[in-house]
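**Student:** The structure follows.
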Amino acid sequence: MKEKRLWYGYLDAGQKSTLVVLDPSLQTGNEQTVYLFNLARGKILEYQRQIVEPKLRELNSEQATATKQLKTAYTQARRNFKPHDSRVVQFPVRGSSTKETKEQETLEELTEFIGSNNEEFTETEDWFDENS
């Protein structure tokens, strides 16, 4: 395979053979896998390199005529594609849970509220005591 912007080829896999597109800019985050657009499935899928690379071949003249259709289908799939390595995963801090964090935030808000109202109460109580 040559390093081009897009490589159009054929995945020779028996009954699951199909036209494919390899976009070198799509990285899986794993040296042992590669993303290929699979025309039969209409999706960009992750394949094991050692399994798929020996089955990839250049398009013959008959298949090359479908390049425009292949490019159009790939462009559509690419718009909706989100590589799994770009997902942001946020893990809670060890020993805490979302529920505990929310309870702590609520407690802090209440403490601030009570603290601010308590000062007003004290002033009111002082005023009340002076007038008695």
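**Student:** Might you report the magnitude of the Cβ-based charge dipole of the range 7-80 about its Cα centre, with Lys and Arg at +1 and Asp and Glu at -1, to the nearest 20 debye? Working shown, then result.
**Tutor:** Numbers: 10 positive and 7 negative charges, 62 e Å.
So the dipole magnitude of the range 7-80 works out to roughly 300 debye.
**Student:** Can you run the Rg to Rh ratio on the range 7-80? Use alpha carbon positions and the Kirkwood inverse-distance Rh.
**Tutor:** Working: Rg = 11.7 Å, Rh = 12.4 Å.
Ratio value, two decimals: 0.94.
Values quoted throughout were computed directly from the atomic coordinates according to the rules given, and no laboratory measurement underlies them. Computed from a prediction, not measured in an experiment: that's the story for all the values here. Here the Cβ is made from the backbone with ideal geometry for all residues, glycine too, and neighbour counts use every protein chain on show.
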